[in-house]
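Please read the structure below before turning to the comments.
The values are calculated or read from the model by the stated rules, or taken from the named source; none is laboratory data. Quick caveat, the model's predicted, so the values are computed rather than measured. Quick reminder, even Gly has a Cβ in these numbers, built from the backbone with ideal geometry, and neighbours come from all protein chains shown.
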Amino acid sequence: MERIGILGPKGTHSEEAALWLKKFLRRDWRLEICADIFDVLTAVKERRLDAGIVPVENSLEGSVNITLDTLARSDTLTVARELVWQVKNFLMTRPTVDVKAVKKIFSHAQPLSQCRKFLHANFPDVEIVATTSTARAAEIVAASEENFAAICTERAGKLNGMTVAAQNIQDNPNNSTRFFEIRYRPRDAAPIEHFDGDKVLIICQIDGSRAGTLCEVLNEFAKRGVNMTRIESRPARTILGAYIFFFDLETDAGDDALREAVRAVYDRSIWLKNLGVFPVTYA
């Protein structure tokens with residue numbers, strides 16, 4: 001039985017996504033609760049877990065930086081799969097609480113942002129409190145005797161004995177989060193030469209002191225027909241103004257075009273890493 005790390009406690013979107021993927025893939029997985037995303041990735045890196053399911057990007061709020069930064073600085077983590085998960089946020093209260101009398105609303109920072117319009121329209125004067133996870137928000141509200149509410153998954157609310165006050169309260173019905181299944185890959189593993197999957201993730205650092213360098217890199221993909229679905233920059237954490245770039249590439253162009261493009265970008269980079277070729281699953 002494989003041990004799969006997720007952000008805890010029970011009832012997070014990460015747990016819901018992992019449970020769905022376990023059932024979809026018919027995998028013999030035992031989910032292991034971790035305190036935060038960095039702990040998940042560290043446990044996989046140190047081989048205390050077989051894999052981790054971690055968020056990487058939300059369609060409304062953007063990238064999950066700790067996931068990107070940890071991947072960029074690791075030589076042994078690889079992406080095995082992407083899951084696109086539709087996010088549904090619920091306003092949950094204890095059964096005895098009148099939702100009109102709610103004094104505080106607890107949730108993780110991202111769902112609070114995802115539900116900003118709902119909160120402004122319905123609770124303009126209520127104090128909003130950020131927590132480490134939506135599941136932790138549910139725990140806090142369930143344990144309190146005050147008129148509190150939580151924005152969380154329906155599962156998190158029900159695990160803590162709460163009821164639904166409002167459902168699907170996210171501002172955009174198309175709200176979704178991309179999750180990565182992260183696994184360990186030895187440093188001496190053979191270079192990835194075949195692109196059997198839907199996407200490939202490339203990370204590199206280029207010389208930003210010379211004008212047009214990024215344009216030249218992007219052109220290496222474009223002239224070979226390699227479609228880039230996402231580009232993200234993050235500080236290189238070396239000197240001010242130095243950046244690394246993440247490129248999500250589709251594999252439709254074929255092995256030869258991808259190999260040539262990656263090799264050409266490598267030649268134009270200070271360093272480059274291929275973080276994996278992987279399938280994309282839609283929940």
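Tabulated results
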| read-out | value |
| --- | --- |
| Count - residues of the range 222-242 that are closer than 24 Å to ARG73 by Cβ and at pLDDT 85 or above | 7 |
| Residue selected from the range 164-190 under the condition hydroxyl-bearing (Ser, Thr, Tyr) and at pLDDT below 95, by the criterion nearest to ALA51 (Cα to Cα) | THR177 |
| Residue check for GLU193: at pLDDT below 90 and in contact with a Lys or Arg (Cβ under 7 Å, 6 or more places away or on another chain) | yes |
| Matching option when the condition is touching a residue at least 60 places away in the same chain (Cβ under 8 Å) and loosely packed, with under 11 Cβ neighbours inside 10 Å, among ARG187, ARG183, ARG210, ARG234 | ARG187 |
| 3 or more residues surrounded by 16 or more Cβ atoms within 10 Å (Cβ to Cβ) and in contact with a Lys or Arg (Cβ under 9 Å, 6 or more places away or on another chain): qualifying strands (runs of 3 or more DSSP E) within the range 32-95 | 51-58, 77-86 |
| Pair list, Cβ < 6 Å and 6+ apart or interchain, from the range 28-45 residues that are within 19 Å of VAL56 (Cα to Cα) to residues that are surrounded by fewer than 16 Cβ atoms within 10 Å (Cβ to Cβ) and among the β-branched types (Val, Ile, Thr) | LYS45/THR76 |
| Some residue of the range 177-184 being of a type outside the set (A, V, I, L, M), in contact with an Asp or Glu (Cβ under 6 Å, 6 or more places away or on another chain) and assigned to a loop (DSSP other than H, G, I, E, B) | no |
| For ARG268: the one exception among (1) in contact (Cβ under 8 Å) with a residue 60 or more places away in the chain; (2) under 27 Å from the mean Cα position of the chain (by Cα) | (2) |
| Residue in the range 120-134 that is surrounded by fewer than 21 Cβ atoms within 10 Å (Cβ to Cβ), within 14 Å of ASP171 (Cα to Cα) and among the aliphatic types (A, V, I, L, M) present | yes |
| Checking GLY276 against (1) among the small types (Gly, Ala, Ser); (2) crowded, with 19+ Cβ neighbours inside 10 Å; (3) over 30 Å from LEU19 (Cβ atoms), the condition it does not meet | (3) |
| Subset of the range 121-139 (residues that are in a strand (DSSP E or B) and of a type in the set (Ser, Thr, Tyr)) | THR131 |
| Residue match in the range 246-264 (condition: closer than 30 Å to LEU21 by Cβ and among the polar types (S, T, N, Q)) | yes |
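One line per residue, one yes/no per condition, for (1) of a type in the set (D, E, K, R); (2) in contact with a strand residue (DSSP E or B) (Cβ under 6 Å, 6 or more places away or on another chain):
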site: SER14; (1), (2): no, yes
site: ALA17; (1), (2): no, yes
site: LEU21; (1), (2): no, yes
site: TRP29; (1), (2): no, yes
site: ILE33; (1), (2): no, no
site: ASP36; (1), (2): yes, no
site: VAL44; (1), (2): no, yes
site: ASP50; (1), (2): yes, yes
site: VAL56; (1), (2): no, yes
